[in-house]
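Since the structure comes first, as structure tokens, the remarks are kept for the end.
Each reported figure results from applying straightforward, stated rules to the coordinates on display, with no laboratory input. All values reported here derive from a predicted model rather than from experimental measurement. Cβ sites come from the backbone with ideal geometry, for glycine too, and all protein chains shown count toward neighbours.
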Amino acid sequence: MTALRSLKTIDDLQGAGLVSAERRAGLDAVALRYAVAVTPAISALIDPNDPNDPIARQFIPDAAELLRLPEEREDPIGDGAHSPVEGIVHRYPDRVLLKAVHVCPVYCRFCFRREMVGPQGLGTLASQAMDNAFGYIAGHPEIWEVILTGGDPLVLSPRRLASIMERLASIEHVKIVRFHTRVPVVEPERVDDALIAALKASGKTTYLALHANHPRELTAEARAACARLVDSGIVMVSQSVLLKGVNDDPDTLAALMRAFVENRIKPYYLHHPDLAPGTSHFRLTIEEGQTLVASLRGRVSGLCQPAYILDIPGGHGKTVISASTIEDNGGGCYTVSDFNGEEHVYPPASAGKQPL
Ligand code: SF4
């Protein structure tokens, strides 16, 4: 059944046939804890007769989300440790995150910022906080790139996006503006002329990182939305999360990367799933991830190879998972090197499972 509006409660999902009466037990508690939203484009993609549907797994709540492991963290990639002013994360010298909004059109069940996004999350940056964030960017000439993330920045109206771009256009040292979004896939109709115009500003180069995890997400409508963006001169790259039960097999991963390249989207990041609360049912081991990524080499074109990335817990930044940056200590424990060459133990703690 195709829904005409976004589904935001367990009742909505059950009414649309996406949650059965048997599966419902426990899901109200999940929905109280973590935001729920499924757009019409996504509900139309879900096969309700497939209990293992990889699209449903990404968006339909699961009672397993109530299981929290000791090593899981509310801020798994350590944004808070690098936030000099509200809305800004300055982890690397030449770039900042600008988190203008903490709302998304869908809520991914594995989200690394699940404690911050949603109707009860941090909301939209207030006008004074926005002024402070732009003041910070303007006062740091080493900032070459501003990355709009959140939340999904493309939920903002074209008017608000254009206002952000105008303010960035007035900061000479910012050359690149990058948007991280799921909108072209989950709400492709939103990508119209007004939105596209709002993403561009004189003197700045706009990149758009599309988050998609399964080749079925690249529907005809999503492909058309991406084509509109690329035709307008916006450069697109991909970001995906390696997820158990979604894309953890070589054929699916290869088809996903090929779908990106066919749509003029350069595969960029393939993230190892973060230690977000209640997401252990999505996590593979790093060894399993390395085997999958190795399977892409030779199988698909060099254009289709993403970088396999671990965000080191505690805010130590991203590291490419390769033999030179990660050492297997056995028993599921690793030593990883960050971009400063400092070593960290991963995962940071390990013990048995406990309920929330
Ligand atoms: S779109 Fe991004 S920020 Fe929003 S729920 Fe999904 S992973 Fe989290």
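Observations on the model:
- Test item: Cα-centred dipole of the range 111-186, Lys/Arg +1 and Asp/Glu -1 on Cβ, debye: 280 debye
- Taking the convex hull of Cα positions in the range 209-356, its mean projected area over all directions (nm²): 10.3 nm²
- Dividing the alpha-carbon radius of gyration of the chain by the rule-of-thumb value 2.2 N^0.38 Å gives 0.96.
- Reduced Cα scattering model of the range 1-147, Debye log10 I(q)/I(0), q = 0.13, 0.15, 0.16 Å⁻¹: -0.69, -0.83, -0.90
- Peptide ranges 207-218, 13-24 listed from the most packed, as the mean C-beta count within 10 angstrom indicates: 207-218, 13-24
- Positive-end residue of Leu275, Cys333, Val261, charge dipole of the range 261-339 with Cβ unit charges: Val261
- Cα-based values for the range 141-189, radius of gyration first and Dmax second, are 11.9, 37 Å.
- Cα radius of gyration and Dmax for the range 185-277 (Å): 14.0, 43
- Here the range 166-206 is treated as an ellipsoid with the same Cα gyration tensor; its semi-axes, largest first and in whole Å, are 23, 11, 6.
- Spatially, the range 290-316 and the range 62-91 are offset by 23 Å when compared through their Cα centroids.
- For Lys244, the aspartates and glutamates whose Cα comes closer than 19 Å to its Cα, not counting residues fewer than 8 places off in the same chain, are Asp47, Asp50, Asp53, Asp62, Glu65, Glu71, Glu72, Glu217, Asp274, Glu287, Glu288, Asp311.
- Net charge, Pro306 excluded, C-beta distance under 13 Å - Lys, Arg +1, Asp, Glu -1: +4
- Values of log10 I(q)/I(0), in the order q = 0.19, 0.25 Å⁻¹, for the range 266-316 under a Debye, Cα-only, solvent-free model: -0.71, -1.02
- Size of electric dipole in the chain: Cβ of Lys, Arg +1 and of Asp, Glu -1, about Cα centre, debye, nearest 20: 700 debye
- Karplus-derived HN-Hα couplings along the range 217-228 (A = 6.51, B = -1.76, C = 1.60, θ = phi - 60°), whole Hz, x at Gly and Pro: 5, 7, 6, 4, 5, 5, 4, 5, 5, 5, 4, 4
- The calculated pair-distance distribution of the range 199-247 uses every alpha carbon pair, bins of 10 angstrom beginning at 0, and gives 23, 46, 23, 7, 0 percent.
- Volume of the Cα convex hull of the range 21-73, divided per residue and given in Å³: 107 Å³
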